[in-house]
Every structure is written in C-alpha cells, then in structure tokens.
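Bear in mind that the values in this text are calculations on the coordinates, not laboratory data. Treat the numbers as computed from the prediction; the structure is a model and nothing was measured. In this analysis, Cβ positions are derived from the backbone assuming ideal geometry, glycine residues included, and neighbour counts consider all displayed protein chains.
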Amino acid sequence: MPQLTGAEILWECLVREGVEVVFGYPGGAIMPVYDAMLDYPIHHVLVRHEQGAAHMADGYARSTGRVGVAMATSGPGATNLVTGIATAMMDSIPIVCITGQVPAHLIGGDAFQETDVTGVTQPITKHNYLVTSADEVAEVVREAFYIARSGRPGPVLIDICKNAQIEKTDFEYPDDPELPGYCPPQHAPVTDLKKAAGLIAEAKRPVILAGHGVLKSGAMDELKLFAEKTQTPVALTLLGLGSLPASHPLSLGMMGMHGEAYANNAIQEADLLLAFGMRFDDRVTGNLRTYAPRARKIHIEIDPSEIHKNVHVDVPLVGDLKTVLGDLTPMVQPADHEEWLDQIAEWKADTEARDIMAWADDGKLYASHVIRDIWKHTEGDALVTTDVGQHQMWAAQYYKLEQPYRFLTSGGAGTMGFGMPAAIGAWFGHKDREVWALVGDGGFQMTQAELATAVNEGANVKVCILNNSYLGMVRQWQEFFFKKRYSAVYMRNPNFVKLAEAYSIPARRVETPDEIADAMDFAKNTPGPVLIEFVVEQEDAVYPMVPAGADLDAMIRRPVRKQREAVAGD
Ligand SMILES: Cc1ncc(C[n+]2csc(CCOP(=O)(O)OP(=O)(O)O)c2C)c(N)n1
C-alpha cells in the first residue's frame, strides 16, 4: 500500500471523484495542498475573492448536476466562503468546500488565522468535518462527496489541519462510504400513494407547484406526464423555472411575490395543491393564514423536515420525486378540468393587457425589454445567470425557459454578487454554450473583481449590467411602502465600460432600444468575456407584487396602458 501525504491523498480522492476543476485561493494553512496540486491533472482557477470561488463552484454544480469544489485557507479565507456556502445551502446545491486549518495541536489557542470554521458553518452546511490527522482524509472526502450529491443535495465543508496535510499514511480509496444513519428515502409508502390518488380523483381545480426538486431529481418527464394525464396546470417556483417548458399549454409561469397574477389566483382558488419538490417559502405563499384556503394539499418531498414546516399538508409523500411520480402517475385516472383551465385563461388575458411588452414603442430602455431581447437573440437557449433584485425578477418573467438547467439564480438566500462568478463556474461545465450573466449595477460591484478571473481563464461569459443607478429592488420597496423616501439607494457608479477596458475586456454602453441588437451581435461575435452596460429606466417597478406577508392574491398590479397614460398625462 503506498504511503502518501494527507495533501496527496486529498488530490488522489478528488481525481477519483471525477473533479475537473477547483476554484480557490491559497494561504498559509493550505500550502501543502497547493504544493501537492502541481502533480495532479485538475485545473485550479485562481479567483480574486473566496466568495467568488464558492459561487463559481455553485454555478458549476447548478448547471452540470455534478459536485463543485472550492478551496481556501484558514481564518479570513474560510470566512470569505461563508456567503457562498449559505447560498448553496438555501438552494440545495452540492458543493464541497475544502479549507486549511491551523495544526491540530494549536487549535483553541487563537493561533494566527485560526477561526472555528466548522463552528461557523455548522448551520449552513449539510455536513462538515474537522480533519486532524492524515488517516482520516480519504474516508472523509469519500463521504463528503456522497453526502453533498445524494438525497437533498447541499454543501459539505472539510476543514483540514495543516499537520494532516503534511503527515504520511497508507492510502486506500474506500469503496463505499459507511453511513448507516444516512439513508435518503426513495419510494413513498403505497398507502400514502393511494390516499394521494384519492384526493387527485376528487379534485376539480387542482394546481401543481413545481419546485427546484423537479430539476434536482431529474423528474421533468414525470412532471409533464403527470400534468398532461390529469390536465393539471403547473405553477413554478423561481428555482423550478425550466422544469416544464414555458410554452407548454399547462404552464402558468412563476408563482409568488413577483409571479404571474393568474398563477397566484389559481393557487388561491384551487381545491387541490400538488407540491412537487418545493418548500412553501414565504416568497411563494405570502400570508400563510390565508394561503390557498380551499385547497387540500399533497406534498412530495425528499427531505422529511420540510413536511408541515410552513404549510400543513393532507398527504405527505416522502421520497425522491422522480421515483414517487413514477409510482403515482399509473395510479391516477385521466381528467380534463376544462372549466378550470378556461377560468385560468380568462385571468391570463387580463395579465397580458398589463404586460410592459405592450409598451415597447415609447422609445425608453426598460430592463425587461433588454431581457426579452437577450432571450430572442439567444433563442432562449443560453445559460443565464442573474444577480439579485429587480433584474432577477424580470429575467425570471421574460427569459422564457424551454429547457431545464439553463437559469442559475440565488433564490433562497438572495445573494447579491452571485451572478457573474456563477456564470464563470457554469462556463467551466459548458464551454460549448453561450453564457450570459444578467446583473444589477449594485450586485455586479460586489464581486466585480472576478472580471480578472474571467479574463485569465478566457471565460466566454457575456456580462450584461442592467444599470438603473439604484439599488433597484430596495428603491421599489421604498417607493411602494416608505412613501418614496429614498434612503441609501442611489448609486454613483464608475464608468463600467472603462472599468472593463482596464481588464482588457471589450465593452459597450447601450442607451436606447435601437442599439440593443448591435450590442448583442458584438457580444456574440467577440470571443471571451464581454461587458455590456445597459442604461435602463431608473424608476421602473417589477409587477405584479405581493407585499411581504400580504395575501397571495392581494397583488399590486401594473396599470393597463390606458390607465397609466391618463396618470402620466402622455
Ligand atoms: C449581499 C446582499 N446585500 C443586500 C441585499 C439586499 N438587496 C436585495 S435587492 C437589492 C438591490 C439590488 O440592486 P442592483 O444590484 O442594482 O439590482 P436591481 O434591483 O437594480 O436590478 C439589495 C440591496 C442582498 N440581497 N444581498
């Protein structure tokens, strides 16, 4: 049996786990690992801030379904990962973060750059490990990857003491992780399936709520089959977008705070909700006391701790969504629900009358128009990442997804600064595909240093800054709920085109709608990173909007065009 250092064992294990790329940043407590790295065929991406590394690993994982890997040194290096780990945790993303730690004999003594990283990350990881000797490395890495990707996926952190990286020990790669207490459920019990089939047979106004779990378990075909057989309309969560093609006649689009009004109306009027791999987040339910008051509820979910957490359900089906739907669909009868679908179509017609796309001719540059045009130019087939704020919601509304795994966005944590590094990570998984990062001027500046990473790696990422010179979503809340008293939301921004040029990134500024097409062609035809700044309407708002905590159907709606013109006097 060969004797290897703990650092070498780590890389041996990463190679065996099929890791192709690691996003990281070195420092004292992880130097033996960086030294050993030179002897292994894994590409290391040197980021400019560890937060960028975590988001890149996350973007890689979201777009490929594989485990993303981020690496950092102890203390501040590790704590810089924290936002990215929390982001991955909230959205169930499989990443493994490897951090250096001070030598085991110094732990607890406030050694230089010592932070209790397993303590800090305990609530924001699916699992974490402190490795104090080289003997533990192989088993821990094997377990970490298995835990990150299985069941409900999530981030796992491995904190490795410096002595454990240096010591030598026998290396043998464990066959299977031994985790007797960890058995993610697969099938739901037949008695529960029968109960669910009974409720489905009685329903006259059913709605499916499709969440991230559809994509996580790869249950897109099963969702479509179930929806078509039972003629049940499908509302999607932000992270569920792409799980059913937007053009499918049963798709209701996004639900929730900035969801389609007719999707929210349908939920409130439904007599049966079928929640598939979603967790009744407050942004999708609004006021829980008045949520879907007439609906019985079936919840298919792999994580038992989600059952009855926010919403009490009539029939929980705990298991893997793809497996459970595969079992359930043959047990249900075909239905047509014609009246119900006609009612929803009526609500939908009213939404279309309010659509800002009907105002495409007023000469102004709206962020939503820009996103719609990016959708057209990329034929809806690009890999799109967003940051957080108004542009994120417009992207969810107007980048109509026909395919899964194309839309990467920080949903649960709502992490500004996510979009651009996530796009770089996603590009590593899909070098053949167009990758567009749609970011706000605020969020972009949180991780803009990763422009250097994009240049160094030649990442073919098109960065679109939707610049409204405001922290737009906060401004919108101040407009709606704080009597337009704007507080700390105006942004005096740098010249983004010059900034890009400082990184040798080709860049353009777009100020009018007729410049969009040219800029898109320029971005598409220029290899490597490109930056386009769109100077958009400053005080546009995202509609509809359910005020936080309000009833789901108490939406603030965009006025229909005639009403708006009367108000504006134009
Ligand atoms: C790290 C972080 N800090 C603060 C917030 C709160 N927040 C949510 S949206 C938003 C404004 C975003 O502004 P910008 O990036 O310019 O995008 P816009 O809303 O204008 O599209 C803020 C500050 C957040 N989500 N994340």
key: Extreme residue, positive dipole direction of the chain, given options V474, G109, A426 (C-beta unit charges)   = V474
Size of charge dipole - the chain - debye, nearest 20, with Cβ of Lys, Arg +1 and Asp, Glu -1, no other charges = 1340
key: Loop trypsin sites (Lys or Arg not before Pro), the range 250-338, which have at most 11 other Cβ atoms in a 10 Å radius of their Cβ (DSSP)   = R294
Cross-link reach list, lysines versus K348, counting only Cα pairs under 25 Å and skipping chain neighbours closer than eight places = K204, K224, K229, K297, K376, K400, K562
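Given charges of +1 on the Cβ of Lys and Arg and -1 on the Cβ of Asp and Glu, with all other atoms neutral, how large is the dipole of the range 16-82 about its Cα centre, in debye to the nearest 20?
Charge dipole, the range 16-82, about its Cα centre: 180 debye, nearest 20.
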task = Taking every pair of Cα atoms in the range 113-213, average 1/r, invert it to obtain the Kirkwood radius, and report Rg/Rh to two decimals.
result = 1.20
message = For a quick size check, give me the Cα extents of the range 206-361 along its three principal axes, largest first, whole Å.
response = 49, 32, 27
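Based on the mean of other beta carbon atoms within 10 Å per residue, what is the order of 175-186, 418-429, 209-220, most packed first? Walk me through the intermediate numbers first.
Numbers: 175-186: 10.7, 418-429: 30.2, 209-220: 24.9.
Top to bottom by mean Cβ count within 10 Å: 418-429, 209-220, 175-186.
Between Q231 and D271, what is 0.36 nm times their sequence separation minus the Cα-Cα distance? Round to one decimal in nm. Before the final figure, lay out each step's value.
Numbers: separation 40, 0.36 × 40 = 14.40 nm, distance 1.44 nm.
Full-extension gain reported as 13.0 nm.
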ask   = Among G326, A349, G286, whose Cα sits farthest toward the positive end of the charge dipole of the range 280-389 (+1 at Cβ of Lys/Arg, -1 at Cβ of Asp/Glu, about the Cα centre)?
value = G286
Spatial separation of Cα centroids for the range 473-521 and the range 174-209, in angstrom = 45
Label-point separation, L38 to V15 (7 Å along Cα→Cβ), nm = 1.7
task = Grab the beta carbon distance between R557 and A488, set R0 = 35 Å, and tell me the FRET efficiency rounded to 0.05.
result = 0.80
inquiry  = Straight-line reach from K162: which aspartates and glutamates fall under 16 Å, measuring Cα to Cα and dropping same-chain residues less than 8 apart?
reply    = E8, D35, D110, E114, D116, D135, E136
query = Under the Karplus relation 6.51 cos²θ - 1.76 cosθ + 1.60, θ = phi - 60°, what is the ordered set of whole-Hz ³J(HN,Hα) values for the range 336-348, x standing for Gly and Pro?
reply = 10, 6, 4, 4, 5, 5, 5, 4, 5, 4, 5, 4, 5
query = For the range 322-416, which GluC sites (Glu not before Pro) are in a loop by DSSP, counting at most 13 other Cβ atoms within 10 Å?
reply = E379
key: Rounded to whole Hz, the Karplus (6.51, -1.76, 1.60) HN-Hα couplings of the range 219-226, x for glycine and proline   = 9, 4, 5, 5, 4, 4, 4, 5
inquiry  = From the gyration tensor of the Cα coordinates in the chain, what semi-axes in whole Å does the equivalent ellipsoid have, largest first, with each one equal to sqrt(5λ)?
reply    = 40, 32, 19
query = Which order, highest average first, do 245-256, 486-497 follow once you tally other Cβ atoms within 10 Å for each residue and take the mean per peptide?
reply = 245-256, 486-497
query = With +1 on each Lys and Arg Cβ and -1 on each Asp and Glu Cβ, how big is the dipole of the range 441-570 about its Cα centre, in debye rounded to the nearest 20?
reply = 420
inquiry  = Can you give me the C-alpha center-to-center distance between the range 224-242 and the range 302-351, rounded to a whole angstrom?
reply    = 8
query = So for the range 22-166, taking the charge dipole from beta-carbon charges (+1 Lys/Arg, -1 Asp/Glu), which of Q122, M89, G75 sits furthest toward the positive end?
reply = M89
task = Please express the Cα-Cα pair-distance distribution P(r) of the range 192-232 as a list of whole percents, one per 5 Å bin, running from 0 to the bin with the greatest distance.
result = 5, 20, 26, 27, 17, 4
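May I ask you to derive the FRET efficiency for D521 and R433 from their Cβ-Cβ distance with R0 = 25 Å, giving the value to the nearest 0.05?
0.90
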query = Loop-only check: which chymotrypsin sites (Phe, Trp or Tyr not before Pro) in the range 144-179 are DSSP coil with at most 13 other Cβ within 10 angstrom?
reply = none
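Quick one: which of 64-72, 267-275 comes out on top by average Cβ neighbours within 10 Å, and what's the full order, highest first?
64-72, 267-275
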